[in-house]
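Here the structure comes first, spelled out in structure tokens, and everything after it is commentary.
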Amino acid sequence: MRQESLVKSISVRIRKRAYQVLDIPEADDGLSKLVTNALVLLICLNVIAVILESVENIGNNFGKIFFWFELSSVIIFTIEYIFRIWCCVESPDTRYKKPLIGRLKYIIKPLIIIDLLVIIPFYLSFIIGLDLRILRVIRLLRVVRLTRYSGAWSLFSAVIKAQQKPLIMTVFLLALALLIFSSLMYAIENTAQPQAFADIPSAMWWGLVTLTTVGYGDVTPLTAGGKVLGAIVTVMGIAMYALPAGIVASGFMQELNKRQFMVTWSMVAKVPLFTRLDAEKIAEIANLLEPQLVPPRFTIVRRGETADCMYFIVTGNVEVELDTQHLRLTSGDFFGEIAVIKQHPRAATVVSLTECQLLILQARDLDRLLEDNPDMAKEFKKIVQERLLESPELARNQNNA
């Protein structure tokens, strides 16, 4: 009984680790990053191989190499596919928690379907004959798998999902305009061009090409009425093109702002000074703070400069350089507040020791923040006093400033 429990426990641990490795890699997970980079490289090499193999001379001369590379790639992709299905129950998404139903739901995810499509033709080719050109096209689908590792793709998907109603309305308007203008052009040009505008579906080809501002020129109106309508449709096409572009651009800005806010919010929540605040207050503070990433050995503030803001350290270490004393601050600490409160020039130079993620709070916002949050202001002033007592030189420099 104990042995079965031990085996099950080890199996669960391995499955959890497999999910972490195959999922989007964390910054501090070396194995996950290694596996991800290896898979991305393999996918890119597969796409290059498919393209080169289509060149007759290269395909004939290096056919065996291409075959063995394809076989190795399919084996790796198959193992990855099996492992993804096996460990999907460890996903935070509750839809996939049940061993059988969860895995069946996971299998029909778009990216998992693509994972299957890029390997199944190889096995089918041994059972039924497949046209080599079709097989190559299907193999090229492997490039779509790169979207799993792309933050840009997740951003694009979120934008399309958020703006789907306006985009659907735009498509409806485009279809309506296509139907109306094509019908009018058919009525005007049918007599003059009975072959080009034989019916409304034939006129729709002209309408689609004109509305999308492509203008192949294979079908053009000849009558005066047709030319006038063509000019109107051309202008309408520009407007129809600008409408979805504006919706998507606006959606990108909204999504980027939302993500930036969420990043700032999570960083604010990590600062000990703000941990006792509720979510509404943290959200309010997040709107005031500006994130900044600085490299190692970067001078953040310089002694004698005008103090117009203070800094919170989210991650990393900085060093406060005084004449005879060096102070080290780390994640959760803040600096630059004394000069802001006393409205004095900077009393010390602060240099980053490592890469640091900082949050910047402007002086005017600090005054308002302390005024609106008395408890936090009390703790804030207490920390400032303790810091001045611990560093007499810092206190002396402030008094002399």
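The values are calculated or read from the model by the stated rules, or taken from the named source; none is laboratory data. For clarity, every value in this text was computed on a predicted model and none was experimentally measured. Glycine also receives a Cβ, built like all others from the backbone with ideal geometry; neighbour counts cover every protein chain displayed.
Meeting the requirement of 2 or more residues that are in contact (Cβ under 8 Å) with a residue 60 or more places away in the chain, the helices (runs of 4 or more DSSP H) wholly within segment 2-119 are 2-22, 30-53, 63-87.
Only one of the numbered conditions (1) of a type outside the set (K, R); (2) surrounded by fewer than 17 Cβ atoms within 10 Å (Cβ to Cβ); (3) modelled with pLDDT of 85 or more; (4) touching a Ser or Thr at 6+ places or on another chain (Cβ under 7 Å) is not met by T306, and that is (4).
Kindly indicate whether V219 is under 18 Å from E189 (Cβ atoms), β-branched (V, I, T) and out of contact with any Ser or Thr (no Cβ under 9 Å at 6 or more places or on another chain). No.
Inspection of segment 339-357 finds a residue satisfying the criterion of being in the same structural domain as P374 (by TED's automatic domain parsing), buried (at least 17 other Cβ atoms within 10 Å of the Cβ), more than 21 Å from V384 (Cα to Cα) and touching a strand residue (DSSP E or B) at 6+ places or on another chain (Cβ under 9 Å). Is it the case that some residue within segment 118-138 is touching a helix residue (DSSP H, G or I) at 6+ places or on another chain (Cβ under 6 Å), more than 18 Å from C44 (Cα to Cα) and among the basic types (K, R)? Within segment 118-138, none of the residues are touching a helix residue (DSSP H, G or I) at 6+ places or on another chain (Cβ under 6 Å), more than 18 Å from C44 (Cα to Cα) and among the basic types (K, R). Restricting attention to segment 50-82, the residues that are under 15 Å from R145 (Cβ atoms) and either crowded, with 16+ Cβ neighbours inside 10 Å or touching a strand residue (DSSP E or B) at 6+ places or on another chain (Cβ under 6 Å) (or both) total 7.
Residues that are over 19 Å from E337 (Cα atoms) and small (G, A, S) were ranked within segment 273-294; the one that is modelled with the lowest pLDDT is A279. Take the conditions in the same structural domain as Q362 (by TED's automatic domain parsing), touching a residue at least 40 places away in the same chain (Cβ under 8 Å) and either assigned to a loop (DSSP other than H, G, I, E, B) or among the basic types (K, R) (or both) and apply them to R328. Does it pass? Judged against the criteria, R328 is not a match.
Taken together, the residues in segment 199-222 that are polar (S, T, N, Q) and either buried (at least 18 other Cβ atoms within 10 Å of the Cβ) or over 35 Å from the mean Cα position of the chain (by Cα) (or both) amount to 3. Considering V35, V89, the condition of being modelled with pLDDT of 85 or more, closer than 30 Å to T315 by Cα, of a type in the set (A, V, I, L, M) and in contact with a helix residue (DSSP H, G or I) (Cβ under 6 Å, 6 or more places away or on another chain) is satisfied by V35 alone. Looking only at segment 192-225, count how many residues are closer than 23 Å to L173 by Cβ and either polar (S, T, N, Q) or assigned to a helix (DSSP H, G or I) (or both). Selection size over segment 192-225: 14. Is it the case that segment 121-140 has a residue that's modelled with pLDDT under 85, in contact with a Lys or Arg (Cβ under 9 Å, 6 or more places away or on another chain) and either over 25 Å from Q20 (Cβ atoms) or among the aromatic types (F, W, Y) (or both)? Checked segment 121-140: at least one residue is modelled with pLDDT under 85, in contact with a Lys or Arg (Cβ under 9 Å, 6 or more places away or on another chain) and either over 25 Å from Q20 (Cβ atoms) or among the aromatic types (F, W, Y) (or both). Check segment 244-252 and report whether any residue there is within 20 Å of L179 (Cα to Cα) and of a type in the set (A, V, I, L, M, F, W, C). So far as segment 244-252 goes, no, none of its residues is within 20 Å of L179 (Cα to Cα) and of a type in the set (A, V, I, L, M, F, W, C). In this structure, A175 does satisfy being out of contact with any Gly (no Cβ under 9 Å at 6 or more places or on another chain) and more than 16 Å from G225 (Cβ to Cβ).
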